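The values are calculated or read from the model by the stated rules, or taken from the named source; none is laboratory data. The structure presented is a predicted model; accordingly, all values stated were derived computationally and were not measured. Here the Cβ is made from the backbone with ideal geometry for all residues, glycine too, and neighbour counts use every protein chain on show. Accessible surface is based on the protein model in full, side chains and every heavy atom, while ligands, DNA and RNA are left aside. Shrake-Rupley method; radii C 1.70, N 1.55, O 1.52, S 1.80 Å.
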Amino acid sequence: VVMDYNKEYTSEKYRDIAVAMGISNVEEMTLEEAREAAINSVRQLSLDVGIPRSLTEVGFKEEDIDQIAADAFADVCTGGNPRDTTVEEIIQLYRKLL
């Protein structure tokens, strides 16, 4: 979900991810195709290794979203995200993962 959220702000980075994930013919893809290939390959890897598909599978409750989103926004790593964000946008990302 976060990769999809950031994809238009990443330039060639996702093309590199697609190559690293073993996608063939990445150099022949448009940037958008390479981004989608990277996202899909990471999504498939997550399934293959058994990462839960939703936050509710790990005990996340909807009533926790506001506080967790605020904490995520305040995290030092947020500044390194390729796309500027807001607490409201983070809340929407978490809701997609419920």
If you take the residues of the stretch 1-31 that are open to solvent by less than 80 Å² (accessible area, probe 1.4 Å), closer than 22 Å to LEU93 by Cα and not hydrophobic (A, V, I, L, M, F, W, C), which of them is modelled with the lowest pLDDT? SER11
Can you tell me which residues in the stretch 19-31 are in contact with an Asp or Glu (Cβ under 9 Å, 6 or more places away or on another chain) and not in a loop (DSSP other than H, G, I, E, B)? VAL19, VAL26, LEU31
Quick one: count up the residues across the stretch 44-59 that are without any contact (Cβ under 8 Å) to a residue 12 or more places away in the chain, open to solvent by 60 Å² or more (accessible area, probe 1.4 Å) and in a helix (DSSP H, G or I). 5
Restricting the first residue to the stretch 63-82 and requiring it to be on the phi > 0 side of the Ramachandran plot and assigned to a helix (DSSP H, G or I), which pairs with a second residue that is modelled with pLDDT of 95 or more and loosely packed, with under 13 Cβ neighbours inside 10 Å meet a Cβ separation below 6 Å and a spacing of at least six or different chains? none
Flagged in the stretch 60-86 as within 25 Å of SER11 (Cα to Cα), open to solvent by 50 Å² or more (accessible area, probe 1.4 Å) and aliphatic (A, V, I, L, M), in numbering order, are VAL76
Unmet requirement for ILE39, which otherwise passes all of (1) over 21 Å from GLN92 (Cα atoms); (2) part of a helix (DSSP H, G or I): (1)
Residue under question is ALA34, and the condition is that it be surrounded by 11 or more Cβ atoms within 10 Å (Cβ to Cβ) and not aromatic (Phe, Trp, Tyr); does it hold? yes
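Here are GLU32, GLU36: which of them is under 14 Å from the mean Cα position of the chain (by Cα) and within 20 Å of LYS13 (Cβ to Cβ)?
The match here is GLU36.
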Condition test on ILE39, is it farther than 14 Å from ASP4 by Cβ, at pLDDT 95 or above and open to solvent by less than 60 Å² (accessible area, probe 1.4 Å)? no
